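Colleague: Input: one structure, supplied below.
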Amino acid sequence: MKFFIDTADLDEIREAADMGVLDGVTTNPSLAMKAGASNFEEHIYKICELADDVSAEVVSTEYDAMVAEGRKLAQIHEHVTVKVPMIREGVKAIETLSNEGIRINCTLIFSPTQALVAAKAGATYVSPFIGRLDDISSNGMDLIASIRTIFDNYAYDTQILAASIRHPMHVVEAAELGADVATMPFDTLDKLIKHPLTDRGLEKFLADWDKLQEQKAGQPA
Ligand code: G3P
């Protein structure tokens with residue numbers, strides 16, 4: 001499973017990249033706003049210098065403008081993946097841009113049919129939003145399972161990028177269901193490596209090691 005971090009915060013991206021397990025970054029206009037990325041193109045370039053696959057979202061909603069914006073974003077850096085929302089004009093733009101060899105992440109996916117259409121249009125990734133479905137008493141994981149079945153039935157190579165992940169169990173369940181990528185906030189990535197028994201075990205090992213050094217120091221030369 002690929003790990004992406006869902007942020008535009010350069011410090012968080014640097015920290016995650018230093019862990020050595022980061023495969024990419026996803027951003028959206030809300031995350032860009034939170035990171036104060038007013039010079040968006042320059043900001044995306046900086047992220048691309050830290051990560052190999054960086055989703056940058058178009059904000060136009062008409063086909064011509066979406067295509068022009070997508071081409072411009074793709075020119076920022078070879079690591080850019082253009083994020084396009086799942087609307088009718090977006091589907092047309094996905095078809096055009098993906099035929100030009102531009103990687104597309106089709107975002108705001110909330111149903112299996114939306115994922116199927118995005119795959120047919122040539123998207124590299126579809127981003128089902130798990131947490132936002134859970135928020136409205138739907139089961140986000142059911143969507144991941146359904147998309148996995150559909151893509152496998154027809155051998156689509158579009159990758160399932162589980163998004164709107166809120167906690168480690170979302171990552172576990174998405175991995176069990178065969179999602180190709182999980183994009184998560186830095187805090188969730190950090191939580192993946194935490195376990196109280198690990199901390200307690202290490203504390204005991206180090207305390208015993210100190211005792212051993214004391215014993216050694218107390219022995220006659
Ligand atoms: O990047 C899209 C998605 O991951 C947003 O997550 O937490 O705002 O629903 P969230």
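Colleague: Being over 19 Å from Thr183 (Cβ atoms), among the acidic types (Asp, Glu) and either at pLDDT 95 or above or over 15 Å from the mean Cα position of the chain (by Cα) (or both) narrows it down to one of Glu62, Glu12, so name that one.
Modeller: Criteria check complete, one pass: Glu62.
Colleague: Any residue in the range 152-171 that's in contact (Cβ under 8 Å) with a residue 60 or more places away in the chain: show its pairings with residues that are near the ligand (Cβ under 9 Å from one of its atoms) and hydroxyl-bearing (Ser, Thr, Tyr) at Cβ separation under 8 Å, as long as the two are six or more apart or on different chains.
Modeller: Qualifying pairs under 8 Å: Leu161/Thr26; Leu161/Ser127; Leu161/Thr183; Ala163/Thr26; Ala163/Thr107; Ala163/Ser127; Ala163/Thr183; Ile165/Thr183.
Colleague: Could you tell me which numbered condition Ser138 fails, if it satisfies all but one of (1) among the small types (Gly, Ala, Ser); (2) more than 10 Å from the ligand (Cβ to nearest atom); (3) crowded, with 19+ Cβ neighbours inside 10 Å?
Modeller: Among (1) among the small types (Gly, Ala, Ser); (2) more than 10 Å from the ligand (Cβ to nearest atom); (3) crowded, with 19+ Cβ neighbours inside 10 Å, the lone unmet condition for Ser138 is (3).
Colleague: Can you pull out every residue in the range 111-132 that is crowded, with 19+ Cβ neighbours inside 10 Å and either within 11 Å of the ligand (Cβ to nearest atom) or acidic (Asp, Glu) (or both)?
Modeller: Hits for the range 111-132 are Ser127, Pro128, Ile130.
Colleague: Considering every residue within the range 146-161, establish whether at least one is aliphatic (A, V, I, L, M), assigned to a helix (DSSP H, G or I) and within 13 Å of the ligand (Cβ to nearest atom).
Modeller: No, the range 146-161 contains no residue that is aliphatic (A, V, I, L, M), assigned to a helix (DSSP H, G or I) and within 13 Å of the ligand (Cβ to nearest atom).
Colleague: Among the residues of the range 28-39, which ones are in a loop (DSSP other than H, G, I, E, B) and free of Cβ contacts under 8 Å to residues at least 40 places away in the same chain?
Modeller: Correct list: Ala35, Gly36, Ala37, Ser38, Asn39.
Colleague: OK, next. Considering Asp199, Asp180, Asp187, which residue is out of contact with any Ser or Thr (no Cβ under 6 Å at 6 or more places or on another chain), surrounded by 11 or more Cβ atoms within 10 Å (Cβ to Cβ), of a type in the set (D, E, K, R) and free of Cβ contacts under 8 Å to residues at least 60 places away in the same chain?
Modeller: Just one listed residue meets the conditions, Asp187.
Colleague: Identify, please: which residue in the range 15-34 is within 13 Å of the ligand (Cβ to nearest atom), buried (at least 17 other Cβ atoms within 10 Å of the Cβ) and of a type in the set (Gly, Ala, Ser) and is, among those, modelled with the lowest pLDDT?
Modeller: Out of the qualifying residues, it is Ala32.
For (1) over 22 Å from Leu50 (Cα atoms); (2) among the aromatic types (Phe, Trp, Tyr); (3) free of Cβ contacts under 8 Å to residues at least 40 places away in the same chain; (4) away from the ligand (no atom under 16 Å from the Cβ), each residue gets a yes or a no:
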position	(1), (2), (3), (4)
Gln75	no, no, yes, yes
Val80	no, no, yes, no
Lys83	no, no, no, no
Gly90	yes, no, yes, no
Gly101	yes, no, yes, yes
Leu108	yes, no, yes, no
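The values are calculated or read from the model by the stated rules, or taken from the named source; none is laboratory data. Please read these numbers as outputs of a predicted model, since none were measured by experiment. Because the Cβ atoms are built from the backbone with ideal geometry, glycine has one as well, and the counts that use them run over all protein chains shown.
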